[in-house]
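Participant: One structure, pasted below without further comment.
The values are calculated or read from the model by the stated rules, or taken from the named source; none is laboratory data. Every value quoted in this text rests on a predicted model; they were computed, and no experiment measured them. Glycine also receives a Cβ, built like all others from the backbone with ideal geometry; neighbour counts cover every protein chain displayed.
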Amino acid sequence: MRHRVRHFKGIIWILFFLVTLGVLFFFVDIEKVIEAIGVTNSYLVLFFVAMIAGSSSFTSSSYYATIVSLASTGLNPWMIALVAGTGLSVGDAIFYLIGTWGRDNISGKIKILAEKYAKWLSRKPRFVVQSIVYLYTGFTPLPGDFLMVALSFARFPYLSFIIPGLLGNITLVLFILFGVTWTQGL
């Protein structure tokens, strides 16, 4: 038993950290934080929020609330999209690494499901997988953690889909920002 706990210690700490930040972002008023730290530092905060909260299915709602709050404070939407998209891509890289570790260390139904998607992805040409990554990250509000784990299980090289993932993350943030701007004009 002790060997199992030690074996999963890193994953447990990462999950604990993500859940703690998700709870924190849920209860903290982001506009007050922006007033306290200033606009320039708001982009830095956005990067870390996107990296941590945006990449997990447990904390993505706080990430979207942060983007909308920052857009309503008058920050540059193009800069928000660039910073948040980059942060999301870094968060996706973390889940890719977790998937790489998990490929050899998980078992049961989760492994069977992940291997099923990995097998499906590995049979597709590279441009198809890159298109899937772009469409998934750019046009769905779903976090990229499941996709990144499946790609790592399929042993796709990270560098082959980082550009479509980054462009997709930027596209998604732009859609959210322009949607907020459009609805404010109604």
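Participant: Looking only at region 142-159, count how many residues are in a helix (DSSP H, G or I) and surrounded by 15 or more Cβ atoms within 10 Å (Cβ to Cβ). Spell out the reasoning first.
Facilitator: Residues of region 142-159 that are in a helix (DSSP H, G or I), as a first pass: 145-153, 158-159.
Checking the rest, the ones that are also surrounded by 15 or more Cβ atoms within 10 Å (Cβ to Cβ) come to 145-153, 158.
Summing the residues that are in a helix (DSSP H, G or I) and surrounded by 15 or more Cβ atoms within 10 Å (Cβ to Cβ) in region 142-159 gives 10.
Participant: Pull out all pairs, ordered by first then second residue, where Cβ-Cβ is under 7 Å, the residues are six or more apart or on different chains, the first lies in region 95-113 and is surrounded by fewer than 18 Cβ atoms within 10 Å (Cβ to Cβ), and the second is hydroxyl-bearing (Ser, Thr, Tyr).
Facilitator: Thr100/Ser152; Arg103/Ser152
Participant: Report whether or not Gly87 is in contact with a Ser or Thr (Cβ under 9 Å, 6 or more places away or on another chain), of a type in the set (Gly, Ala, Ser) and at pLDDT 85 or above. Can you show your working first?
Facilitator: Values: in contact with a Ser or Thr (Cβ under 9 Å, 6 or more places away or on another chain): yes; of a type in the set (Gly, Ala, Ser): yes; at pLDDT 85 or above: yes.
Here the answer is yes, as Gly87 does meet what is asked.
Participant: Considering only residues that are of a type outside the set (Ser, Thr, Tyr) and under 11 Å from Leu82 (Cα atoms), look in region 169-185 and name the one that is farthest from the chain's Cα centre (by Cα). Please lay out each step first, then the result.
Facilitator: Within region 169-185, the first condition is being of a type outside the set (Ser, Thr, Tyr), and the residues that meet it are 169-170, 172-180, 182, 184-185.
Next cut, under 11 Å from Leu82 (Cα atoms) only: 169-170, 172-174.
Numbers: Asn169: 8, Ile170: 12, Leu172: 11, Val173: 12, Leu174: 15 Å.
The selected residue is Leu174.
Participant: Could you check region 47-141 for helices (runs of 4 or more DSSP H) lying wholly inside it with 1 or more residues that are within 15 Å of Thr171 (Cα to Cα)?
Facilitator: Values: elements: 60-72, 77-105, 109-122, 126-139.
Counting at least 1 such residues, we get 60-72, 77-105, 126-139.
Participant: Looking for something modelled with pLDDT under 80, buried (at least 17 other Cβ atoms within 10 Å of the Cβ) and assigned to a helix (DSSP H, G or I) - is there at least one such residue anywhere in region 5-14?
Facilitator: As a first pass, look at region 5-14 and keep what is modelled with pLDDT under 80: 5-14.
Within this subset, residues satisfying the condition of being buried (at least 17 other Cβ atoms within 10 Å of the Cβ) are none.
No: zero hits.
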